[in-house]
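Let me begin by presenting the structure, written as structure tokens, before commenting on it.
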Amino acid sequence: MQIKYIVLLACTILVFITITGCDELEDKPDYKNVEVMTIAKVTTSDQTIQIPDMEIRLEIIKSGAVKKTSYVTTNPNGASAIVTHTVKLYKEQNVQVVGNLLSTLPQAYLDQGYTVYTYKSQTLNWQTVDQAVDWGEKYLWTPDICFTVSTS
């Protein structure tokens, strides 16, 4: 009689062990990754003049909060090195790249009447990212911050 109870108990334990486990549910991400790869340029609109050795502060901002700040200098082609950063973008957030030209134009250009705005920005809105990728996926954004040197 005790053997029946032991076998019955062992079978019951075995059944409970096999059926009580549940499949692990995967959490669906609630964000989309945005990889920002940006450069800054100091040039004329037709790119006939590129100005080297100009210092620029680049900021990658997510919904008003600065996520990365880099200081870059333009090369002989008037372009900076690439600045990269990945942010997790949640629903209705945006990403902005802001450039501030810290150097003044060389005196030779100022003497010829050239000027340049020292602030430029570009914004990537949520709708663009939302339409392009699914939750948890990566969106590549490559804005150029161009400081256009022009005559008045």
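Any read-out appearing in this document is the output of simple, stated calculations on the displayed coordinates, not a laboratory observation. The shown structure was predicted, so the numbers you read here are calculated from the model rather than taken from an experiment. All Cβ positions, even for glycine, are placed from backbone atoms using ideal geometry, and neighbour counts span all protein chains on display.
Of all residues being charged (D, E, K, R) and not in a strand (DSSP E or B) in the range 44-59, which is nearest to Pro143 (Cα to Cα)? Just the residue, please. Full working, then the answer.
Filtering the range 44-59 for residues charged (D, E, K, R) gives 46, 53, 55, 57, 59.
Adding the requirement that they be not in a strand (DSSP E or B) leaves 46, 53.
On the way: Asp46: 18, Asp53: 21 Å.
Within the range 44-59, the match that is nearest to Pro143 (Cα to Cα) is Asp46.
Yes/no matrix, rows are residues, columns are (1) in contact with a strand residue (DSSP E or B) (Cβ under 6 Å, 6 or more places away or on another chain); (2) hydrophobic (A, V, I, L, M, F, W, C); (3) in contact (Cβ under 8 Å) with a residue 24 or more places away in the chain:
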site	(1), (2), (3)
Ile39	yes, yes, yes
Thr48	no, no, no
Ile51	yes, yes, yes
Ile61	yes, yes, yes
Ala65	no, yes, no
Ser70	yes, no, no
Asn75	no, no, no
Val83	yes, yes, yes
Val87	yes, yes, yes
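Considering only the range 101-109, I want to know if a residue exists there that is touching a residue at least 12 places away in the same chain (Cβ under 8 Å), farther than 30 Å from Ser152 by Cα and buried (at least 19 other Cβ atoms within 10 Å of the Cβ). Break it down stepwise before answering.
Taking the range 101-109 as the starting set, the residues that turn out to be touching a residue at least 12 places away in the same chain (Cβ under 8 Å) are 101-103, 105-106, 109.
Still in the list and also farther than 30 Å from Ser152 by Cα: none.
The answer is no, given that none of the residues of the range 101-109 is touching a residue at least 12 places away in the same chain (Cβ under 8 Å), farther than 30 Å from Ser152 by Cα and buried (at least 19 other Cβ atoms within 10 Å of the Cβ).
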Within the bounds of the range 114-124, is there any residue that is under 15 Å from Lys88 (Cα atoms), surrounded by 12 or more Cβ atoms within 10 Å (Cβ to Cβ) and of a type in the set (A, V, I, L, M)? yes
